[in-house]
Amino acid sequence: MKEFEDRLELELRGFLSEMRVVALSIDARLGPLVDELESAVAGGKRLRPQLAAWGYRAGGAPVDAPMIRVGAALELLQTFALIQDDVIDRSPTRRGRPASQIVLARAAQVEPDRFGPSAAILLGDLALIWADQLLAASGFTPERLARAQGVYNRLRTEVTLGQYLDVLAAHSRRVTEAEALTVNRYKTASYTVERPIQLGLALAGASDPLIEAVSSYAIPAGIAFQLRDDVLGAFGDPELTGKPSGEDLRERKPTWLWARTLHLCPEAEEVKDVASLRQLMVDSGALAEAEEKIRVLGEEALAAARQLPVAYALVGELVDITERLVWRRS
């Protein structure tokens, strides 16, 4: 996987360098826009490309140049989602650096409140367009691309609909645990784990039963990943997470952890202090329940991974990835 990640970084840098030439041929003022996309795509866990590459190998194909390009496309797609997520949440930081709307406003030296979000939305759109372009020009046969396109379309559709449900919940008076889990299912589990694996399998020419079988692993793994993200959003170390600690609590993000806290302790809705909210999550048992839910889902995912009809070494890799997903600190 280290070699895969190195090749992925080279592909991303090379592609964005080419696109920078295209942008500058239109207007020199577009340089900072592409510069920010290069910065925004840097870092990150590269989880979706890794899982797509795992699916590709599980389908019997060695990782090659076309698969590297697909991995780069998924990372640009993720960058699109993160940029627009930061606009929606009005987040000031991402991955330990200023969010794109902040950087773009500073670069243009204009009033930030309106220009920054507008520019960031357009930058996100550009990342999405270039992700689609990379996938289409990846080098796979038309037959393989057509089969994979169905998975890719579901991935993009589900993450967008899941994001809408997340926004809807954020503007509702109160979110339920079931509503939060629905968001987790489509905004994270499908988008982050299930569809990337299925995309790799489809590109490798894997059978439909194998493509369908990965869902029994991917859904619990993906939901556990999001629940861990929710816990880190409330209690994480900003030096490790790259964003302010407790930001999710200040913004009242409609996470399962927050919904469970309100269910157990309705008075939490009136509490403004982050430290007090954390204490309520601990005292009410909501945090302990979240950790238990993560543990159960993690074990379910691991059991399903061990039942997948793929090579033993690949199962071991998936187990390692799952443990990083579920028990991470950043």
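Tally time: how many residues in region 75-102 are buried (at least 23 other Cβ atoms within 10 Å of the Cβ), hydrophobic (A, V, I, L, M, F, W, C) and either free of Cβ contacts under 8 Å to residues at least 60 places away in the same chain or farther than 21 Å from Glu9 by Cα (or both)?
3
Of everything in region 233-258, what is farther than 16 Å from Asp273 by Cα and either outside the structural domain of Arg185 (by TED's automatic domain parsing) or buried (at least 19 other Cβ atoms within 10 Å of the Cβ) (or both)? Give them in sequence order.
Gly236, Thr241, Lys243, Pro254, Thr255, Trp256, Leu257
Identify all residues within region 132-162 that are in contact with a helix residue (DSSP H, G or I) (Cβ under 9 Å, 6 or more places away or on another chain) and outside any helix (DSSP H, G or I); write none if there are none.
Ala137, Ser138, Gly139, Phe140
Taking the conditions exactly as written (of a type outside the set (D, E, K, R), in the same structural domain as Leu76 (by TED's automatic domain parsing) and within 25 Å of the chain's Cα centre (by Cα)), does Leu16 satisfy them or not?
Spelling it out, Leu16 is indeed of a type outside the set (D, E, K, R), in the same structural domain as Leu76 (by TED's automatic domain parsing) and within 25 Å of the chain's Cα centre (by Cα).
Out of (1) of a type outside the set (Asp, Glu); (2) surrounded by fewer than 23 Cβ atoms within 10 Å (Cβ to Cβ); (3) over 22 Å from Arg329 (Cα atoms), the odd one out for Gly55 is which?
It is condition (2) that Gly55 fails.
Among the numbered criteria (1) out of contact with any helix residue (DSSP H, G or I) (no Cβ under 7 Å at 6 or more places or on another chain); (2) in contact (Cβ under 8 Å) with a residue 60 or more places away in the chain, which single criterion is violated by Pro196?
Going through the list (1) out of contact with any helix residue (DSSP H, G or I) (no Cβ under 7 Å at 6 or more places or on another chain); (2) in contact (Cβ under 8 Å) with a residue 60 or more places away in the chain, Pro196 breaks only (1).
Residue by residue, here is whether (1) among the aliphatic types (A, V, I, L, M); (2) under 21 Å from Lys253 (Cα atoms); (3) modelled with pLDDT under 95; (4) not assigned by TED's automatic domain parsing to the domain that holds Asp229 holds:
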| site | (1), (2), (3), (4) |
| --- | --- |
| Ile83 | yes, yes, no, yes |
| Arg90 | no, yes, yes, yes |
| Arg95 | no, yes, yes, yes |
| Asp113 | no, no, yes, yes |
| Leu123 | yes, no, no, yes |
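The values are calculated or read from the model by the stated rules, or taken from the named source; none is laboratory data. Predicted model only: the values in this text are computed from it and were never measured. Neighbour counts are summed over all protein chains in view; Cβ atoms, including those assigned to glycine, are modelled from backbone coordinates with ideal geometry.
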